[in-house]
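J.: Here's a structure for you.
The values are calculated or read from the model by the stated rules, or taken from the named source; none is laboratory data. Remember, predicted model here, so these are calculated numbers, not experimental data. Don't worry about glycine lacking a Cβ; one is built from the backbone with ideal geometry, like all the others, and counts go over all protein chains shown.
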Amino acid sequence: MSSRNKILVLTQDAESKYNFEKLITSSPELKAAVGEEKIKYANFESFQEGKRQDKYDFVIMFTNEMTADDIEMSEEFYKHYSLAPVVSWVVATADDVSTIINSFNDKSHIEETADGAAGAVQRAIEWC
């Protein structure tokens with residue numbers, strides 16, 4: 001992965017963003033995977049305010065604490081960013097959300113957090 005890549009991480013809210021940042025700082029493996037990558041963040045609230053991120057190389061949807069119903073309630077937000085050519089979702093269980101994710105973009109990659117969120121995020125970054 002080039003050090004010029006920009007990762008756009010979508011989180012549900014400020015607390016989810018904090019949890020994502022905490023994952024990076026607490027996991028040496030994940031911190032190494034991120035390396036010099038530039039991370040930008042977006043959440044549903046900023047999207048509703050009309051703030052859109054448009055300069056990124058790939059998107060990671062950090063939704064490990066969300067249900068399919070939560071994702072559906074923010075459908076416009078997730079559909080918008082699912083149009084990116086490279087999208088990876090980090091979810092608790094793919095069985096619960098894969099149908100809706102594939103309806104947004106059937107080429108999306110899905111990582112489950114069964115063995116820990118840090119490992120799932122690391123695999124998502126490596127896949128991208």
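J.: Among LYS40, LYS6, LYS17, which is the only one that is of a type outside the set (Val, Ile, Thr), modelled with pLDDT of 90 or more, within 20 Å of GLU126 (Cβ to Cβ) and touching a Phe, Trp or Tyr at 6+ places or on another chain (Cβ under 7 Å)?
T.: Being of a type outside the set (Val, Ile, Thr), modelled with pLDDT of 90 or more, within 20 Å of GLU126 (Cβ to Cβ) and touching a Phe, Trp or Tyr at 6+ places or on another chain (Cβ under 7 Å) holds for just one of LYS40, LYS6, LYS17, which is LYS40.
J.: Among what's in the stretch 25-46 and is among the polar types (S, T, N, Q) and surrounded by fewer than 18 Cβ atoms within 10 Å (Cβ to Cβ), pick the residue that is nearest to MET73 (Cα to Cα).
T.: SER46
J.: Still on this structure, please answer the following. Name the residues in the stretch 1-24 that are assigned to a strand (DSSP E or B) and either in contact (Cβ under 8 Å) with a residue 60 or more places away in the chain or farther than 21 Å from GLU76 by Cα (or both), would you?
T.: LYS6, ILE7, LEU8, LEU10
J.: Can you pull out the residues in the stretch 68-100 that are crowded, with 18+ Cβ neighbours inside 10 Å and farther than 18 Å from ASN43 by Cα?
T.: Within the stretch 68-100, just VAL97 meets the criteria.
J.: Within the stretch 101-128, can you find the residues that are farther than 29 Å from PRO28 by Cβ, surrounded by fewer than 17 Cβ atoms within 10 Å (Cβ to Cβ) and not polar (S, T, N, Q)?
T.: Hits for the stretch 101-128 are ASP106, LYS107.
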